[in-house]
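Here is the structure we will look at, set down as structure tokens.
Derivation of every value follows stated rules applied to the coordinates shown; laboratory data play no part. None of these values were measured; they are calculated from a predicted model. FYI the Cβ positions are ideal-geometry reconstructions off the backbone, even for glycines, and counts take in every protein chain you see.
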């Protein structure tokens, strides 16, 4: 499983632009994948999820180009070959 990090989170991942997360089997829940990815990087996890464990409002997560909020959120079943993108919301005016 591949997680692509935005530039603002790369410093918390020793400069890595992507994380590779091994999963058991053909698929896993998105929440489980994120938990596994951030167990050794809790600061990244706290930037993505709030104190209740939900995705922060200002963070967008996409699996294979699809917004996870429209597809089950953290309970989305993600296939082993999927690519997860984490993107901060962009505000402007």
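Once label points are set 7 Å from the Cα along Cα→Cβ at both residue 90 and residue 27, what is their separation, rounded to one decimal in nm?
It works out to 3.2 nm between the two label points.
Rounded, prolate or oblate, given the Cα gyration tensor of segment 2-88, with a/c below 1.5 counting as rounded?
Judged from the Cα gyration tensor, segment 2-88 comes out rounded (a/c under 1.5).
Taking 7 Å along the Cα-to-C-beta vector as the label spot, tell me the residue 54-residue 8 distance in nanometres, rounded to one decimal.
2.0
What number, rounded to the nearest 500 deg cm²/dmol, is the helix-based mean residue ellipticity at 222 nm of the chain, given -39500 (n - 2.57) per DSSP H run of at least four residues and division by all its residues?
About -5000 deg cm²/dmol.
In what order do 38, 62 fall by count of nearby beta-carbon atoms within 10 Å, going from fewest to most?
In increasing order of surrounding Cβ atoms, one gets 62, 38.
How far apart, in nanometres, would the label points at residue 67 and residue 83 be if each is projected 7 angstrom from Cα along the Cα-to-Cβ direction?
Computed distance between label sites residue 67 and residue 83 equals 2.1 nm.
Mind sorting 40, 32, 52 by how few other Cβ atoms lie within 10 Å of their own Cβ, fewest first?
Ranked by crowding around the Cβ, least crowded first: 52, 40, 32.
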